[in-house]
Amino acid sequence: MKTIALIIGALLIGLCQTTYAQSNNKIKKNMENKKVLVAFFSRADENYNVGHIEKGNTHIVAEMIAQKTHGELFHIVTVKPYPAEYMPCVKQAKQEKESGARPEIKGDVKFEEYDVVYLGYPNWWGDMPMAVYTFIEKHDWKGKIVIPFCTHEGSGLSGTEEKIRQACKGATVEKGLAIKGSVAQNSRDKAEQSVDIWLGVSEKR
């Protein structure tokens, strides 16, 4: 029975890898001759599992993606900063989610110029930070290709891919990437390997 279970497990892993490779190839093909934007929300200061940091976890991943896709970075920043301490920030994020808040954000991009948008965010309460919705609702997503990525400490993407499909009307939403924030912050080679595989840049490092 143990041998059969091992065989079944190996087959399932192989199937997942094949599906993932197909997704990678689709993303890579969609990138050809396209102008890329990497728009992301990220917060430094005190974060769960990594302490006080100078650069946010999602920011680190966003820079990797931009470098590998020749994309342009846009950091979604709120006009009113979040608390620097972790627990007050968590409390504010929960209140914003419950009230459906749309925090004001600084600046913007010439959104119509881009074909592909990598959309990055930390997983806050099983959702994107509300400031990401502020950014989404400022723009027309019809005809855009949207590729989500998030940092987390165990929750993964949660249901955010579907939420992006609902919010980005008319866009094609591809398979997203979830990386632990602690990995992005403290094991950047490992994080970059995950980004490479997801983008179809390299199967091995």
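The values are calculated or read from the model by the stated rules, or taken from the named source; none is laboratory data. Please read all numbers here as calculations on a predicted model, not as lab measurements. Don't worry about glycine lacking a Cβ; one is built from the backbone with ideal geometry, like all the others, and counts go over all protein chains shown. Remember, those area values only see protein heavy atoms, side chains included, never the ligands or the DNA or RNA. Shrake-Rupley method; radii C 1.70, N 1.55, O 1.52, S 1.80 Å.
Restriction of the trypsin sites (Lys or Arg not before Pro) in region 85-148 to DSSP coil positions whose beta-carbon has at most 12 other beta-carbons within 10 angstrom yields K106, K110, K138, K142.
Per-residue accessible area (protein heavy atoms, 1.4 Å probe) orders E137, E153, E54 as E54, E137, E153, starting from the largest. Of D196, D189, D108, the residue with the largest accessible area leads and the full order is D189, D108, D196 (1.4 Å probe). Please work out the Cα center distance from region 36-77 to region 111-160, rounded to the nearest Å. Cα centroid to Cα centroid, the span is 13 Å. Taking 7 Å steps out from each Cα toward its Cβ at M87 and N186 produces label points 2.1 nm apart.
Not counting ligands, DNA or RNA, and with a 1.4 Å probe, what is Y118's accessible surface area in Å² rounded to the nearest 10? Accessible surface of Y118 is approximately 0 Å². The heavy atoms of C89 offer some 10 square angstrom of accessible surface to a 1.4 angstrom probe. Placing H139, H70 in order of accessible area, with the largest value first and a 1.4 Å probe, yields H70, H139. Per-residue SASA remark: Y48, around 130 Å² accessible (1.4 Å probe; ligands, DNA and RNA not included). Dipole magnitude for region 68-205: about 180 debye, using +1 per Lys or Arg Cβ and -1 per Asp or Glu Cβ, origin at the Cα centre. Considering only S99, T134, F74, and ranking their Cα positions along the charge dipole of region 72-205 that arises from unit charges at the beta-carbon of Lys, Arg, Asp and Glu, the one farthest toward the positive end is S99.
Here E162 and H52 are evaluated by their C-beta separation; at R0 = 30 Å the FRET efficiency comes out at 0.35.
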